[in-house]
1. With under 27 Å from A:VAL26 (Cβ atoms) and touching a residue at least 40 places away in the same chain (Cβ under 8 Å) as the only criterion, which of B:TYR112, B:TYR67, B:TYR74, B:TYR60 stands out?
2. Can you tell me which residues in region B:116-164 are assigned to a helix (DSSP H, G or I) and within 14 Å of chain A (Cβ to nearest Cβ)?
3. Tell me, please, whether a residue that is among the charged types (D, E, K, R), within 12 Å of chain B (Cβ to nearest Cβ), surrounded by 13 or more Cβ atoms within 10 Å (Cβ to Cβ) and in a helix (DSSP H, G or I) can be found in region A:1-21.
4. With B:ILE136, B:ILE125, B:ILE150, B:ILE140 as the choices, which residue is closer than 27 Å to B:ALA21 by Cβ and exposed (fewer than 15 other Cβ atoms within 10 Å of the Cβ)?
5. Is it the case that region B:87-102 has a residue that's within 22 Å of the chain's Cα centre (by Cα), over 30 Å from B:LYS160 (Cα atoms), modelled with pLDDT under 90 and of a type in the set (Gly, Ala, Ser)?
6. I'd like the residue in region A:22-53 that is in a loop (DSSP other than H, G, I, E, B) and touching a Leu at 6+ places or on another chain (Cβ under 8 Å) and, out of all such residues, is farthest from the other protein chains (Cβ to nearest Cβ).
7. Condition check: within 30 Å of B:GLY26 (Cα to Cα) and out of contact with any strand residue (DSSP E or B) (no Cβ under 6 Å at 6 or more places or on another chain). Does B:PHE135 satisfy that?
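The values are calculated or read from the model by the stated rules, or taken from the named source; none is laboratory data. Not measured: the values here are computed from a predicted model. Glycine gets a Cβ as well: all are built from the backbone with ideal geometry, and neighbour counts include every protein chain shown.
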Amino acid sequence: MLRNRVKELRARYGYTQSELGKQVDVTRQTIAFIEKGEFSPSITLSLKLAKVLQVEVGDLFWLEEE
Amino acid sequence: MKQDFRMTYPLWNMAFILILAVMAVGFTSSFVNVTKTEASLSIEAQALEGFLTFAALIAYLVLITIYLFALQSYNRKNPGKKISPFSMRPPEYMEQDEGMTFITRKAVQKVYTFITWTLPFFALIVMLFPIPRLFIVWGILAVAFGQNLIYYMEMRRHLKEAAE
């Protein structure tokens, strides 16, 4: 299962879901789906998020054994 | 998102389908003759059928006028994502980014599953039993209603979760 730190890092930088979405060119809802783990983003979107949140992709997303 | 016309579009469809269901009563003329064994009983219901057809036609015209005004208003407010009333592609698809495409696909998959089961089942029922024409039309409309309801409920569930 894909886990992520999007919510934690977004809070650290004080972004709202809408603000983060705007920076990576997606809707607020898509950020919410990613944070809830409902949706696994593409590599392109993952790279964009990692860039905005200033971390490596591997530190933002990782696989967890079920 | 609640104001997004694409979100409420299935509700419009469902309203149109309900009106069509009433209209079907007049067009299929199923109430005209009711025959009982031994003594024959004939019920003339053309007046009722005519009234239902006329009322449904008026309701349809009123609804389509409101719908076109609502669509025009939406298109004015959202010039970047206009919806054409004559588009072949269902306008309720929300595919503005990969997350929205993902939930749209999930909703469409549920609808597809529903159609896959209901249509052959309905065809079988129609083949096996002498069902009046009105009920066949109602059955088809019920499938169309169900398809819109499933899509709407699924999209609403996802978007509600995203709002929490």
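1. None of the other options fit; the residue is B:TYR74.
2. B:GLU154, B:MET155, B:ARG156, B:ARG157, B:HIS158, B:LEU159, B:LYS160, B:GLU161, B:ALA162, B:ALA163, listed by residue number.
3. no
4. On inspection, the qualifying residue turns out to be B:ILE125.
5. no
6. A:LEU53
7. yes
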